Amino acid sequence: QKHLIQSICQQMAITLQVLPNFFFEKHPECINRILQALRERIPGINNVDIKHTEDGRLVLRFQDANFQDPFISKYVSDGTLKMFAYLVLLYDPKPNPLLAIEEPEAQLYPELLYELIEEFRDYARRGGQVFVSTHSPEFLNGAQLEEIYWLEKKEWFYRNTACI
């Protein structure tokens with residue numbers, strides 16, 4: 001199971017590097033919106049860029065206003081990377097039909113959750129369906145009652161017991 005988790009994390013890291021590169025090259029207006037949203041949410045981050053290494057890899061670099069040299073993603077907080085990944089997914093010019101997010105509150109400051117919920121709503125308005133599982137009261141406080149469904153586990157399946 002450890003190898004499976006490492007494999008999934010490696011695939012996510014590759015996606016997190018390739019998708020922004022796609023935005024930089026094909027949709028600069030999207031990457032500008034992503035960077036603006038990231039600057040508003042994460043104090044100190046003023047730029048993100050992609051460096052092509054000599055061996056053909058892509059390296060994501062985050063520029064903090066307090067430092068001369070940018071940090072590669074390996075040295076950036078999990079919360080910053082997670083917010084960046086959410087923004088990359090949410091600002092995709094062609095939303096996927098379904099976006100499933102598990103516990104978005106993990107590694108994020110509670111005050112960021114309200115803005116994230118608004119981003120999920122905007123994504124849904126553009127044609128994507130968003131399904132979020134959470135245990136966070138802070139996250140639920142930002143949701144409308146008609147957006148909340150209570151799922152209950154019964155033996156081998158889950159069932160919707162109520163739309164709150």
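The values are calculated or read from the model by the stated rules, or taken from the named source; none is laboratory data. From a predicted model like this one, the values you see are computed outputs, not experimental measurements. Note that each Cβ is placed from the backbone with ideal geometry, even for glycine, and that neighbours are counted across all protein chains shown.
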| Give me the pairs: first residue in the range 139-157 and farther than 13 Å from R121 by Cβ and at pLDDT 90 or above, second residue polar (S, T, N, Q) and not in a helix (DSSP H, G or I), beta-carbon distance under 7 Å, and six or more apart or on different chains, which are they? | L140/T134
| task | Take the residues in the range 77-130 that are of a type in the set (F, W, Y) and over 27 Å from E25 (Cα atoms), then tell me which one is modelled with the lowest pLDDT. | result | Y109
| message | Yes or no: the range 9-23 includes at least one residue that is modelled with pLDDT of 80 or more and either surrounded by fewer than 15 Cβ atoms within 10 Å (Cβ to Cβ) or under 18 Å from E115 (Cα atoms) (or both). | response | no
| task | Restricting attention to the range 63-74, report how many residues are surrounded by 14 or more Cβ atoms within 10 Å (Cβ to Cβ) and of a type in the set (D, E). | result | 1
| field | Set L81, L60: member being without any contact (Cβ under 8 Å) to a residue 60 or more places away in the chain and crowded, with 16+ Cβ neighbours inside 10 Å | value | L60
| Limited to the range 100-125, what total is found for residues that are touching a Phe, Trp or Tyr at 6+ places or on another chain (Cβ under 9 Å) and either farther than 21 Å from N141 by Cβ or surrounded by fewer than 13 Cβ atoms within 10 Å (Cβ to Cβ) (or both)? | 1
| task | Considering only the range 90-99, state which residues are buried (at least 19 other Cβ atoms within 10 Å of the Cβ) and of a type in the set (A, V, I, L, M). | result | L90
| Within the range 50-64, how many residues are farther than 14 Å from E25 by Cα and either part of a loop (DSSP other than H, G, I, E, B) or not aliphatic (A, V, I, L, M) (or both)? | 9
